[in-house]
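J.: Quick one: this structure, given as structure tokens, is what I'll be asking you about.
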Amino acid sequence: MSEMSLPTTQLQAQKKKRKKLLRTILRILLILLLIAVLLLGGLFIYGKTDSGKTVTYQSYTASQGTISNALSFSGSLQLIDSATYTADAASEVRTVYVSAGDQVTAGQKLIRLSNGQIIEAEFDGRVNQLLVSTGDKVAAGDQLVQVADFSRMKVSIRVDEYDISDVHVGQTARVTVTATEQTIETMIDSINYISASSGSVAYYTATAYVDVPEGVYPGMQATISISQSEAQDVVVLKIDAISFDETNQAYVLMQNADGTMRQVYITTGVSNGNYVEITSGLQSGDTVYVEVEVEEDSGSFLDGLFNFGGTQPTMQNRQTNTERNFQAPGGGTQRNNTRQNNGGGQGGGR
């Protein structure tokens, strides 16, 4: 049946359906066109915001100074000479020759009992405790008096197998009492080379004797520093300023007159973990640089599409090449280590 033979109402209905379909198709085409425009705009903006990395430079200045390297341990002060005297048998205290706090010398009489026992000091020291008085009844084994030498003590440290080759008898050491902040010069007196540990790392005990001032008592914590090397009146530079090439040769960046950077190779000496001695290549007052890359975070595609203001750059510090070992002029790696040894050599470790 042809259109001409259809009733007028049916023809009008078909025309309306066609117009409606055409409008729908046009709407879809417009939406697709709009999406395409937005996608192209987003790609353009995304390309603009993804600007990559910008290299900037951090400056450092070499200076003149003294630098030292030491092994550092912690421990506690302990008595060397201490004695508590007791009664040999049941008796009575006849005479007390001293008072608590008195300084006594070796051989000095302290107490006499009724059974004839006479207590004498075995060494120079101080009466730390007087536990009886004249006329007191005592039994065998009762404590009478305690004498201790508080003027000379010892500190023991545990040295692990990695550092024991750098510690020697007669080596200079500095003992700093934590509570009083007093530093005492001494030396390593003895080393027990039989390991006292049963773990995966061997530890050895080194002992130093210390003449202590008033106000320092047994049990106080102390830091023991054993000097390894020292360079005085030399050029020093912050370690962060130093870079290394593919052959592990140290260099710094210095600025040319036209603003460009050039590599200057250097040699290093004593290092304390923060600064290093520069033995050649730099002079005091020279300014050097290290690259610091600024990496802009371009974000996701949708960020570039809808965030027309762009994104904020993210700073990434590229100074990751300075964790190296600096060789001393005579060879050997310079370290600045700290070992924790609580209780006079108990505890601690690498």
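The values are calculated or read from the model by the stated rules, or taken from the named source; none is laboratory data. Treat the numbers as computed from the prediction; the structure is a model and nothing was measured. Note that each Cβ is placed from the backbone with ideal geometry, even for glycine, and that neighbours are counted across all protein chains shown.
J.: Listed residues S243, S225, S229; which is surrounded by 15 or more Cβ atoms within 10 Å (Cβ to Cβ) and under 30 Å from G125 (Cα atoms)? Give the derivation first.
T.: Working: S243 fails: under 30 Å from G125 (Cα atoms); S229 fails: under 30 Å from G125 (Cα atoms).
On inspection, the qualifying residue turns out to be S225.
J.: Here is a follow-up. Select from the stretch 120-147 the residues that are more than 27 Å from D211 (Cα to Cα) and free of Cβ contacts under 8 Å to residues at least 40 places away in the same chain and write down the one among them that is farthest from the chain's Cα centre (by Cα).
T.: Going residue by residue through the stretch 120-147, those that are more than 27 Å from D211 (Cα to Cα) are 131-144.
Add one more test, that the residue is free of Cβ contacts under 8 Å to residues at least 40 places away in the same chain, and what stays is 131-132.
Details: L131: 47, V132: 51 Å.
Among them, the one singled out is V132.
J.: Which pairs have Cβ atoms under 9 Å, sit 6 or more apart or on different chains, and link a residue in the stretch 191-215 that is of a type in the set (D, E, K, R) to one that is crowded, with 16+ Cβ neighbours inside 10 Å and not in a strand (DSSP E or B)?
T.: Short answer, once both residue conditions are applied: D211/S151; E214/F150; E214/S151.
J.: Of all residues in the stretch 195-211 being farther than 15 Å from D166 by Cα and at pLDDT 95 or above, which is nearest to the chain's Cα centre (by Cα)?
T.: Selected residue: A208.
J.: Can you find, within the stretch 211-222, the residue that is surrounded by the most Cβ atoms within 10 Å (Cβ to Cβ) among those that are in contact with a Leu (Cβ under 9 Å, 6 or more places away or on another chain) and small (G, A, S)?
T.: Keep residues of the stretch 211-222 that are in contact with a Leu (Cβ under 9 Å, 6 or more places away or on another chain), which gives 212, 216-222.
Cutting the leftovers down to small (G, A, S) gives us 219, 222.
Numbers: G219: 11, A222: 27.
Only one residue tops the list, namely A222.
J.: Please go through the stretch 67-82 and pick out each residue that is among the hydroxyl-bearing types (S, T, Y) and more than 21 Å from the chain's Cα centre (by Cα). Give the derivation first.
T.: First, pick out the residues of the stretch 67-82 that are among the hydroxyl-bearing types (S, T, Y): 68, 72, 74, 76, 82.
Within the stretch 67-82, just S82 meets the criteria.
J.: Looking at the stretch 246-266, can you tell me whether even one residue there is outside any loop (DSSP other than H, G, I, E, B), surrounded by fewer than 18 Cβ atoms within 10 Å (Cβ to Cβ) and among the β-branched types (V, I, T)?
T.: yes
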